[in-house]
Amino acid sequence: MQTWVLLSEILRNLALGLAAFGGVVLAWWKLIPERTQAGSAAAQAELARRAHVTELFNRAAGQLADERLEVRLAAIYVLREVGRDFPDLATPVFELLQAHLRERKTTYEDLDPPIDVKAVIDTLRMRIASDGTPREP
């Protein structure tokens, strides 16, 4: 009698182990599409964010030549933040601001440069300081 009890306990434990293993396999099988979907959603969100930043960059680049000082300043500050938040866009921002300064071709004699020119220079200095390597304009 004791042998039958021992044998039934062994069979019961094996059945429970197989059931647990089957549950793990089914749970994993169910999670695979959800993980794929979550990965796709994350990639899509990153693409949307990237498109938004590209739009900001393009709009700010166009606003650098605006007649109003406040519009130019806003464009410079937007470009500064884009360069900080997206290291791969820092070089295009840096080059765009350099080109903007070169195209102004204004001499200020003894006067201080306008606020927007100072903001561009500060942004370029921050970039050079963060790189640690000065670059030729």
May I ask you to derive the relative contact order of the chain, considering only C-alpha pairs under 8 Å and at least 6 residues apart, and to give it as an integer percent? 15
Taking the chain, the equivalent ellipsoid from its C-alpha gyration tensor has semi-axes in Å, biggest first, of 66, 16, 10
Solvent-accessible ranking of I76, I128, largest area first, probe 1.4 Å: I128, I76
Quick check: with the 1.4 Å probe, what order do W28, W4 take by accessible area, largest first? W4, W28
What is the local net charge at V53, summed over the other residues whose Cβ is closer than 14 Å to its Cβ (Lys, Arg +1; Asp, Glu -1)? 0
Carbon and sulfur together cover what percent of the accessible area of region 1-93 at a 1.4 Å probe radius? 67
Could you tell me which of L31, I115, A75 has its Cα farthest along the dipole of the chain towards the positive end, charges placed at Cβ (Lys, Arg +1; Asp, Glu -1), taken about the Cα centre? L31
Ignoring ligands, DNA and RNA, what accessible area per residue does the chain give at 1.4 Å, in Å²? 75
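The values are calculated or read from the model by the stated rules, or taken from the named source; none is laboratory data. Just so you know, these numbers come straight off a predicted model, no measurement behind them. Cβ coordinates were reconstructed from backbone atoms using ideal geometry, including for glycine residues, and neighbour counts include every protein chain displayed. Ligands, DNA and RNA are stripped out before the accessible areas are found, and what is left, the full protein with its side chains, is counted by its heavy atoms. Shrake-Rupley method; radii C 1.70, N 1.55, O 1.52, S 1.80 Å.
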